[in-house]
Amino acid sequence: MISFSDAQLSQWLADFLWPMIRILALFTAAPVLSMRQVPARFRILLALMITLLAQPMLPAAPVVPVFSADALLLMVQQVGIGAAMGFLLQLVFQALIFGGQASAYSMGLGFAQMMDPANGVQVPIVSQYYQLLAILVFLLGNGHLVLIQMVVDSFSVMPVATDALGRAGLYELVAWASNVFSAGVLMAMPILVSLLLVNIGLGVVGRAAPQLNIFAVGFPITLIFGLVLMWATLPQVMTIFSNVFNGAMTLALPMLSTR
């Protein structure tokens, strides 16, 4: 007859429960997996499966009573680590939305908005176009597999403990949010500068020919020129997105583990 001691059962519960909480928190905040179209039941089952597969490779977790203050602190730490890593990657996708908004307003497409299925808010159609392309790049580049590898490696860099998430790491996480604006500006800069020159040219034409209805002529020219620029700069936008995403993946674990 096979028998188990209370210490063994407590250790098995700790080795399974705390990693699953961190993985589930990451999937709740990570891009693509956190979309409204992904059911919560699917995220829970996926976290359960990954925890079962990765648990033999993870370091042993501390054994604490489930209904205690230490257990509550451990749970908060695991949720914080998983959500912080997911939020860091979510910022990369927000950079695309910011760049698309800047491009849309300069093209005159600021009024053309649609519902963003990922966030449930109204965004310009250019931002939605960039975001859909980013999701395709993320999936085709096996970003979801890299995401799983990152959360499994996080248990080696940040083992389950009450002091795993440092204050310095949280400060650097907030400071890294500035990359959203810098990356968004880099994505939209070619379109912004080119359309600025087009508007200056239209202003000169309007001064040279006052009888010309510059609003009726300028809007189609600006719109067509902006669409051509979007097509021409698309490889550059996706390259910037890939570089920022790789930088976020590289910095996530050392940043959050800084004491």
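The values are calculated or read from the model by the stated rules, or taken from the named source; none is laboratory data. Owing to the predicted nature of the structure, the values given are computational and were not obtained by experimental measurement. Note: ideal-geometry Cβ built from the backbone for every residue, glycine included; neighbour counts use all protein chains shown.
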Worksheet item: Restricting attention to segment 35-63, which residues are among the small types (Gly, Ala, Ser) and at pLDDT below 80?
Response: ALA60, ALA61
Worksheet item: Is one or more of the residues making up segment 64-78 crowded, with 20+ Cβ neighbours inside 10 Å and within 21 Å of the chain's Cα centre (by Cα)?
Response: yes
Worksheet item: Any chance segment 198-209 includes a residue that's touching a Phe, Trp or Tyr at 6+ places or on another chain (Cβ under 8 Å) and modelled with pLDDT of 80 or more?
Response: yes
Worksheet entry | Hits in segment 24-54 (condition: surrounded by 16 or more Cβ atoms within 10 Å (Cβ to Cβ) and part of a helix (DSSP H, G or I)) | LEU24, ALA25, LEU26, PHE27, THR28, ALA29, ARG43, LEU46, ALA47, ILE50, THR51, ALA54
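Look through VAL217, VAL174 and report the one residue that is at pLDDT below 75 and surrounded by 13 or more Cβ atoms within 10 Å (Cβ to Cβ).
On the way: VAL174 fails: surrounded by 13 or more Cβ atoms within 10 Å (Cβ to Cβ).
Within the list VAL217, VAL174, the selection yields VAL217.
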Fill in: Answer residue from segment 119-142, given it is crowded, with 17+ Cβ neighbours inside 10 Å and more than 11 Å from the chain's Cα centre (by Cα) and is modelled with the lowest pLDDT among those
VAL123
